[in-house]
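Taking it in order: structure first as structure tokens, then the write-up.
The values are calculated or read from the model by the stated rules, or taken from the named source; none is laboratory data. Keep in mind that this is a model prediction, so the values were computed, not measured. Cβ atoms come from the backbone with ideal geometry, glycine included; neighbour counts cover every protein chain shown.
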């Protein structure tokens, strides 16, 4: 059984049917029009004609290469522009270093001026005035010096909380780590964050408050551990 091709008289679609099928009873599946058998003239492919395009025959214009002098000057201009851009980007870093030095030297000298001058007086004779200066407590009066030592842990705590809030503002994940991982805010501030100014302020304050804060929180943790152990022992009884 052979198949033949028929064509829709309405839409021109070619359909393959059996040679024994009643073409008059079959309709086109696409438009519902009647079908007719294809003749030999319909099956001939149309002759292909060649078309010449003038644009293809035209040669491409020659590319002019810039001279070596022009290329060198272009590279140098890019180099200087990149250097100027780097200088602009390093301005916050430079300002943060200046802030750190000013704050660090100020807090450090206020806290350790007595020790520094005492060590220097042991090496060279600084006179009676320096001896009285050391006896009085250094740059700060004794009362204000005691205030500085007493409130140093709380200043560090406020800055520590500020780092946690800053981390939450930058990334929730980093904020959660800073909140639940002890001492992680220090790593975040000095290794991950790009807030140069807050880093400079915190580092400068730590110069004069780190020792007193460490002693305070070390004793606080020790007392807390002793309290918990005592509570566990009495709860077990």
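Let's see how each residue does on (1) surrounded by 10 or more Cβ atoms within 10 Å (Cβ to Cβ); (2) under 24 Å from residue 217 (Cα atoms); (3) at pLDDT below 90:
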| position | (1), (2), (3) |
| --- | --- |
| 59 | no, no, yes |
| 65 | no, no, yes |
| 68 | no, no, yes |
| 74 | yes, no, yes |
| 88 | no, no, yes |
| 102 | yes, no, no |
| 116 | yes, no, yes |
| 136 | yes, no, yes |
Just a yes or no: is a residue in region 218-237 in contact with a helix residue (DSSP H, G or I) (Cβ under 9 Å, 6 or more places away or on another chain), over 22 Å from residue 101 (Cα atoms) and assigned by TED's automatic domain parsing to the domain that holds residue 99?
yes
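How many residues does region 10-30 contain that are exposed (fewer than 13 other Cβ atoms within 10 Å of the Cβ) and either touching a helix residue (DSSP H, G or I) at 6+ places or on another chain (Cβ under 8 Å) or part of a loop (DSSP other than H, G, I, E, B) (or both)? Can you show your working first?
Quick first cut of region 10-30, residues exposed (fewer than 13 other Cβ atoms within 10 Å of the Cβ) only: 11-12, 14, 16, 18-20, 22, 24-25, 29-30.
Now restrict to residues that are either touching a helix residue (DSSP H, G or I) at 6+ places or on another chain (Cβ under 8 Å) or part of a loop (DSSP other than H, G, I, E, B) (or both): 11-12, 19-20, 22, 29-30.
Here the count works out to 7.
Restrict the check to region 183-201 and report whether at least one residue is free of Cβ contacts under 8 Å to residues at least 40 places away in the same chain and over 20 Å from the mean Cα position of the chain (by Cα).
Within region 183-201, one or more residues are free of Cβ contacts under 8 Å to residues at least 40 places away in the same chain and over 20 Å from the mean Cα position of the chain (by Cα).
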Going by the structure shown, is residue 98 at pLDDT 65 or above, exposed (fewer than 13 other Cβ atoms within 10 Å of the Cβ), under 33 Å from the mean Cα position of the chain (by Cα) and within 30 Å of residue 149 (Cα to Cα)?
yes
I'd like to verify a number: residues in region 152-182 that are loosely packed, with under 13 Cβ neighbours inside 10 Å and under 14 Å from the mean Cα position of the chain (by Cα), how many?
3
